[in-house]
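K.L.:
One structure is given below, represented as C-alpha cells, and several questions about it will come after.
Just so it is clear, none of the values below were taken in a lab; they were calculated from the coordinates. Note that this is a predicted model, so its numbers are computed, not measured. Because the Cβ atoms are built from the backbone with ideal geometry, glycine has one as well, and the counts that use them run over all protein chains shown.
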Amino acid sequence: MGEMNQSHVEFLLEGFFHLDQYQVCLFLLFLTAYLLTLTGNMLIILIVHYYDQLHSPMYFFITILSILEIWYISTTVPKLLTVMVTNDTRISFQWCFAQLYLFHSLGITECNLLAVMAFDRCMAICNPLRYTTIMSVKMCRRLASVCWCCGFMMACIPITLTARVSFCGPYHLKHYFCDLAPLLRLACIETPLTESVNRFVGGFATLFNLLIVIIMYLSIIAAIIKIKSNTGRSKAFSTCSSHLIVVTLFYSSSCIVYASPKGSRPAVYDKMLALVYAMFTPLFNPIIYSFRNKAVKEAMKNGIQRFQSEMRCIKVQVPKPLTLK
C-alpha cells in the first residue's frame, strides 16, 4: 500500500461463506452458543455474589473468569453474526485493530488468570492451614489486577508492530475476525521481525503460564499422593478437576495456533481452532464449573427453590378480579 493512509482501509472478513449451504444452521449455532455463554456466565456471577458460602478465593477467581469470558466472546461473535445476517463483510482499519487488541488482551489475561487459579488450588491443597492467610481478599484482588494489567500491556507489543505494517489489496482476511496471522498475510513485504516478535509474545504468554500450571499441578499431585484415605484424595482432586478441564481446552487449541511455526497448517485450521478457544471454551466454562461443582449446584438449586416460592407468594397476594352480579 506504500505511503497510502491505512486508516481508510477496509478489510473483508471471509467468515464461513465457504460453507454457504450451512449458513442458517451455523448462524443459529453461533447465536445459541453466544446467548448460552452470556446466560451461563452471568448466572455464575450472580450465584457467587448472592450466596455467602461461595465467598472464597476459588469462587472469586471463577467470577473474574466469567466476567472475562463475557468480554472475550463479545469481542468476536457479535461481528460474526452481523456479517452472516447482512452479508456485509467489511470492517474498518480502526475497528479491526480495536478487535485485535481486545481479543489478544483478554486472551493473555485468561492465560494469566488460569495460572493464578492453579496457584490458588495449589495453596488450598498443599497449605490448607495457611490457605486463608495466604489467599486473603487483598491478595486475590492484587493477583486479579496483575492478570488484567499484564494482559492489556503485553498485547500492546504485537498490535503496535502489526499496525505499522503496510497492507496490500485485496484486503481479504481468511478468518471470521481480525487476528495477527491473517493480517500479516496481507503485508506488502515480508515481515520476519514482526512475525517473530508476535510469536514470541504469544508463545511466552501461553507457555510461561502453562509452565506455572504444570508446576502447580505437580505439587498438587505430590500432595494428593501423601493423603492416606481414598476419600481425602478424591475430595482434593475434585476441587481442581474443573479447572484442569478448562486449562486443557484453552491451552491445547491456543498453543497450536500461536506457538506453532508459520505455514505449518492451512489457514482454515486456524479458523476452526479459534472457534474452540474463542467461542466454545467460554461456553463450556460455566457448564463445567456448575455441573462438576457441588457447592454451585446446591446454590443454583436453592436459588431456583427460592424463586419458585417467591412466585407462589406473588400468586397468592394477587387479588381476584371483582365480578358484577
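K.L.:
Cα centroids of the range 10-59 and the range 103-168: how far apart, whole angstrom?
P.N.:
Value for the Cα centre distance between the two parts: 21 Å.
K.L.:
Where q = 0.16, 0.17, 0.20 Å⁻¹, what log10 of I(q)/I(0) comes from the Debye formula for the range 1-160, counting one point per Cα?
P.N.:
-1.00, -1.07, -1.26
K.L.:
Mind telling me which of 117, 272, 216 comes out most flexible in a GNM of the chain, alpha-carbon contacts under 10 Å?
P.N.:
Taking springs between Cα atoms under 10 Å, the residue moving most is 272.
K.L.:
Going by alpha carbons, how many degrees (0 to 90, nearest 10) lie between the helix axis of 23-50 and the longest principal axis of the chain?
P.N.:
40
K.L.:
If each residue of separation counts as 0.36 nm, what is the full-extension length gain between residue 208 and residue 90 once their alpha-carbon separation is subtracted?
P.N.:
Result: 38.9 nm gained on full extension.
K.L.:
Further, regarding this structure: Gain in length, residue 248 to residue 311, computed as 0.36 nm per residue apart minus the alpha-carbon separation, to one decimal in nm?
P.N.:
18.6 nm
K.L.:
Anything over 28 Å Cα to Cα? Flag those among 226/301; 235/297; 235/301; 226/294, in the order listed.
P.N.:
Checking Cα-Cα distances, 226/301 exceed 28 Å.
K.L.:
How much length would be gained if the chain were fully extended between residue 39 and residue 294, taking 0.36 nm per residue of separation minus their Cα-Cα distance, in nm to one decimal?
P.N.:
Between residue 39 and residue 294, full extension yields an extra 89.8 nm.
K.L.:
In whole Å and largest first, what semi-axes does the C-alpha gyration tensor of the range 82-152 yield when each eigenvalue is scaled by 5 and square-rooted?
P.N.:
39, 12, 8
K.L.:
Angle between the Cα long axis of helix 93-126 and the longest principal axis of the chain, 0 to 90 degrees, nearest 10?
P.N.:
Tilt of helix 93-126: around 40 degrees.
K.L.:
Give the aspartates and glutamates whose C-alpha is closer than 15 Å to that of residue 138, dropping any in the same chain fewer than 8 places away, or say none.
P.N.:
Counting by Cα, and skipping residues close in sequence, residue 138 has these aspartates and glutamates nearby: 120.
K.L.:
Now a separate question. With the contact rule set at Cα under 8 Å and sequence spacing of 6 or more, what percent relative contact order holds for the chain?
P.N.:
Relative contact order of the chain: 25 percent.
K.L.:
List every residue whose amide H lies under 5 Å from the amide H of residue 172, counting only residues 5 or more places away in sequence or on a different chain, with H placed 1.01 Å from N in the peptide plane.
P.N.:
Under 5 Å from the amide H of residue 172: 12.
K.L.:
So, one more: What nm value, rounded to one decimal, do you get for the distance between residue 226 and residue 134 when each label is placed 7 Å out toward the C-beta?
P.N.:
Simple spin-label model gives 1.1 nm for this pair.
K.L.:
Ignoring everything except DSSP H segments at least 4 long, calculate the 222 nm mean residue ellipticity for the chain; use -39,500 (n - 2.57) per segment, divide by total residues, nearest 500.
P.N.:
After summing the helix terms and dividing by the residues of the chain, the value is -25000 deg cm²/dmol.
K.L.:
Please compute the modelled spin-label separation between residue 272 and residue 164, points set 7 Å along Cα→Cβ, answer in nm with one decimal.
P.N.:
3.7
K.L.:
May I pose another question? For the range 36-97, just the Cα set please: Rg and Dmax, both in angstrom.
P.N.:
16.1, 48
K.L.:
Could you give me the radius of gyration and the Dmax of the chain, taking only the C-alpha atoms into account and expressing both in angstrom?
P.N.:
Using the Cα atoms of the chain, the pair Rg, Dmax is 23.2, 89 Å.
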